[in-house]
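Take a look at the structure below.
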Amino acid sequence: MTGKILSLLIVVCAVVAGGALYYLQVYAYYEEVETTGEDVRMTAVASGEPEVIAYDGFEGIDADSSPIRYRACFTTETPLAELSETYQPYGGAVPLEAPGWFECFDAGALGAKLEDGSAMAFMGEENIEYGIDRIVAVGEDGQGWVWHQINHCGEVVFDGQPAPEECPPPPDRY
């Protein structure tokens, strides 16, 4: 009888711990991003500085637990051709998965659009936090997405290696 009770207790603890871990990873740390009117910025070719673009319908989430948990969606009426002439493209953009409940951001569908050319990725803001770039992608239909991605400098430094010469010096915490 004692063995059955202990087995049941272990199973119950495992289910509770698994449920808590799932909740913490998918829901607990995310907060809605309150729009400031300057949430969607892209780096201009001419100046090399991030500029606010005209956008509407902004939805965003972020978490303090990781600098790459930022995700956002928006729409813009600025034609993709105009954006591509004005702002720096971003090669190697890989959209990161968003929690399933954040329905406007589908990384798989966005990745397919980037591959087939029906969407383009742009540099939003380089080193928004050391080693992290903010990427903005816009589709032909005006739908837009924003996420954070680790850049070359971040990959090296976060792996415990010294920063390459072309990278800014990392903060003391790395």
Review point. Does Phe102 count as at pLDDT 95 or above, aromatic (Phe, Trp, Tyr) and open to solvent by less than 80 Å² (accessible area, probe 1.4 Å)?
Key: no
**Study point:** So Asp141, is it part of a loop (DSSP other than H, G, I, E, B) and of a type outside the set (A, V, I, L, M)
**Key:** yes
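If the requirement is being touching a strand residue (DSSP E or B) at 6+ places or on another chain (Cβ under 9 Å), of a type in the set (Phe, Trp, Tyr) and either within 29 Å of Gln25 (Cβ to Cβ) or part of a loop (DSSP other than H, G, I, E, B) (or both), which of these qualifies: Phe102, Phe122?
Only one candidate qualifies: Phe102.
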Study note, to complete from the structure: Residue pairs qualifying under the 9 Å Cβ cut-off, at least six apart or on distinct chains, with the first in the range 132-158 being on the phi > 0 side of the Ramachandran plot and the second being of a type in the set (D, E, K, R) and at pLDDT 95 or above, are Gly142/Glu77
Review point. In the set Asp141, Asp116, which member is surrounded by fewer than 17 Cβ atoms within 10 Å (Cβ to Cβ) and under 25 Å from Ala44 (Cβ atoms)?
Key: Asp141
Review point. Which of the residues belonging to the range 124-138 are open to solvent by 20 Å² or more (accessible area, probe 1.4 Å) and not basic (Lys, Arg)?
Key: Glu125, Glu126, Asn127, Ile128, Glu129, Tyr130
Point to revise | All positions within the range 82-99 that are open to solvent by 70 Å² or more (accessible area, probe 1.4 Å) and part of a strand (DSSP E or B) | key: Pro89
Review point. Restricting attention to the range 144-174, which residues are assigned to a strand (DSSP E or B) and among the hydrophobic types (A, V, I, L, M, F, W, C)?
Key: Trp145, Val146, Trp147, Ile150
**Study point:** Lone qualifier among Gln149, Gln88 - being closer than 16 Å to Val45 by Cα and not hydrophobic (A, V, I, L, M, F, W, C)
**Key:** Gln88
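The values are calculated or read from the model by the stated rules, or taken from the named source; none is laboratory data. What you see is a predicted model, and the numbers here were worked out from it, not measured in a lab. Every residue, glycine among them, receives a Cβ derived from its backbone with ideal geometry; neighbour counts consider all protein chains shown. For accessibility, only protein heavy atoms count, side chains too; no ligands or nucleic acids. Shrake-Rupley method; radii C 1.70, N 1.55, O 1.52, S 1.80 Å.
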